[in-house]
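In what follows, a structure is listed as structure tokens, so that the remarks can point back to it.
The values are calculated or read from the model by the stated rules, or taken from the named source; none is laboratory data. From a predicted model like this one, the values you see are computed outputs, not experimental measurements. Here the Cβ positions follow ideal geometry from the backbone for every residue, glycine too, while neighbour counts run over all protein chains shown.
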Amino acid sequence: MSLTQIAQQPHVDSYYAATVNDATRYPSLTEDIACDVCVVGGGLTGVSTALNLAEKGYKVVLLEAARIGWAASGRNGGQMIYGFASGMDEFAKYMPEVDVQKVWQMGQYSLDIIKRRVAQHQIDCDLKTGYFHAANKPRHVAEQKAWQEEAATRFGYDRFEYVGKDGLGRFIQSEAYLGGLYDPDSGHLHPLNYNLGLARAAAAAGARLFEDSEVTSLEMSNQADGQHLLKTAQGSVKANFVVLACNAYIGKLSPALARKIMPVGTYVITTEPMNAERCQALMPARAAICDSRFVLDYFRTTVDNRMLWGGKVSYSKMAPRDLPNAMRADMLKVFPQLADLKVEHAWGGFCDITMSRAPHFGRLAPTVYFAQGFSGHGVNVTGLAGELMADAIAGQAERFDLFGKLKHQDFPGGDLLRTPALVLAMAWFRLKDYL
């Protein structure tokens with residue numbers, strides 16, 4: 001797993017790649033072309049943006065350095081969780097309550113986008129609703145109950161259900177937790193199949209998608225109505241608008257944006273299949289589950305009755321030694337009854353976080369847009385970003401510009417020191433999780 005080896009890479013050897021249901025390949029760019037909008041990045045952000053723009057009638061070109069869904073969009077835990085990783089208080093620092101309310105509604109709407117797209121385009125991606133936030137400590141129980149009350153009174157959302165320890169059997173056969181907060185509107189899916197399904201829809205709507213077409217340079221026009229030039233190894237694109245949807249891989253295209261985010265490694269395993277009855281008894285509601293620690297575990301069962309277990313979040317960019325067994329050991333702390341199951345797939349990838357954990361949307365120039373820093377909520381918030389950027393390009397920027405009110409800081413330490421500093425910070429938070 002590398003942040004530098006991107007171009008012309010196949011999908012990582014994962015459970016998702018092993019169960020992919022779409023073998024469509026898109027050509028590499030080998031000519032000089034022009035378009036209205038060039039989107040850089042074929043993950044959920046870029047493909048969602050391309051689809052929304054194509055539906056509006058724009059001539060769209062999307063350039064992906066490797067394969068559609070190659071990075072975090074095709075490797076993540078598949079959990080679609082309401083709202084934003086930062087919580088709403090971060091937004092309240094920069095905008096009046098009326099705008100905070102609008103942002104909250106957009107966070108909820110991001111879940112609806114997925115459900116609508118799956119139905120509209122008949123995307124086979126194992127979509128399942130239900131998310132359970134499991135509480136590890138008594139203080140987490142108190143925090144969850146307080147949030148349930150705030151969501152109802154402040155935002156009018158009364159669908160959270162607090163479940164005490166005596167009710168945990170509805171969701172999980174484990175003694176590891178004290179209770180938790182259930183949300184029926186969130187859920188989980190097969191992210192790579194979802195990403196590829198959106199790509200099919202974008203192509204059908206008229207977008208031109210190119211794989212194995214790494215953008216080597218971006219020359220931004222100084223004129224508001226000028227064309228930007230994007231070059232690849234064998235071709236180029238002139239575009240009136242550019243959308244940068246590179247997230248953890250923005251790197252050399254915009255060092256200024258790269259300083260606002262930190263690539264974070266996260267890792268996943270899947271076991272061999274269980275029989276259906278055992279799997280159903282283990283997690284009866286088949287909900288996605290996260291625990292409540294800062295350095296959290298996240299897990300769910302798959303449609304073919306495997307345990308999919310994620311965690312080992314790391315700022316070091318180094319995968320754990322003996323990844324399958326390291327992850328399996330964590331899983332057995334929660335589910336010791338799965339000791340007889342072998343690990344069949346183990347993989348990792350990088351998501352990107354901001355200092356505040358709020359998403360970072362904005363413009364590098366009047367006609368160059370970006371969205372990054374989803375901080376673990378990318379499955380659904382990427383769809384919102386794609387819709388907002390398409391609307392802004394079409395002249396309706398009110399919702400997009402709400403996110404521009406946030407002030408995002410650079411990660412401290414520069415290129416040399418920020419990773420060691422954050423590794424130390426992670427060690428502190430790991431310690432707090434056990435206090």
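State which residue is nearest to Gly78 (Cα to Cα) when the search covers only segment 292-302 and only residues that are in contact with an Asp or Glu (Cβ under 8 Å, 6 or more places away or on another chain) and either assigned to a loop (DSSP other than H, G, I, E, B) or among the acidic types (Asp, Glu) (or both).
Per the criteria, the residue is Thr302.
Yes/no per residue for (1) farther than 30 Å from Leu402 by Cβ; (2) part of a loop (DSSP other than H, G, I, E, B):
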site	(1), (2)
Thr270	yes, no
Gln280	yes, no
Cys290	no, no
Asp304	yes, yes
Gly310	yes, no
Ala326	yes, no
Gly362	no, no
inquiry  = Looking at Tyr94, Tyr16 in this structure, which one is among the aromatic types (Phe, Trp, Tyr) and assigned to a loop (DSSP other than H, G, I, E, B)?
reply    = Tyr94
Count of residues meeting criterion [part of a loop (DSSP other than H, G, I, E, B) and in contact with a Lys or Arg (Cβ under 7 Å, 6 or more places away or on another chain)] in segment 23-38 = 1
ask   = over 18 Å from Asp13 (Cβ atoms) and acidic (Asp, Glu) - does that describe any residue in segment 260-276?
value = no
inquiry  = Here is a list: Gln9, Gln5. Which entry is without any contact (Cβ under 8 Å) to a residue 24 or more places away in the chain, assigned to a loop (DSSP other than H, G, I, E, B), surrounded by fewer than 24 Cβ atoms within 10 Å (Cβ to Cβ) and of a type in the set (S, T, N, Q)?
reply    = Gln5
message = Val243 - would you say it is at pLDDT 95 or above, on the phi < 0 side of the Ramachandran plot and assigned to a strand (DSSP E or B)?
response = yes
message = Taking the condition of being out of contact with any helix residue (DSSP H, G or I) (no Cβ under 7 Å at 6 or more places or on another chain), more than 30 Å from Leu192 (Cα to Cα) and in a helix (DSSP H, G or I), how many residues in segment 109-167 meet it?
response = 20
Near pairs, Cβ below 6 angstrom, 6+ apart or cross-chain, from segment 316-336 (closer than 19 Å to Cys351 by Cβ) to any residue that is in a helix (DSSP H, G or I) and β-branched (Val, Ile, Thr) = Ser316/Val423
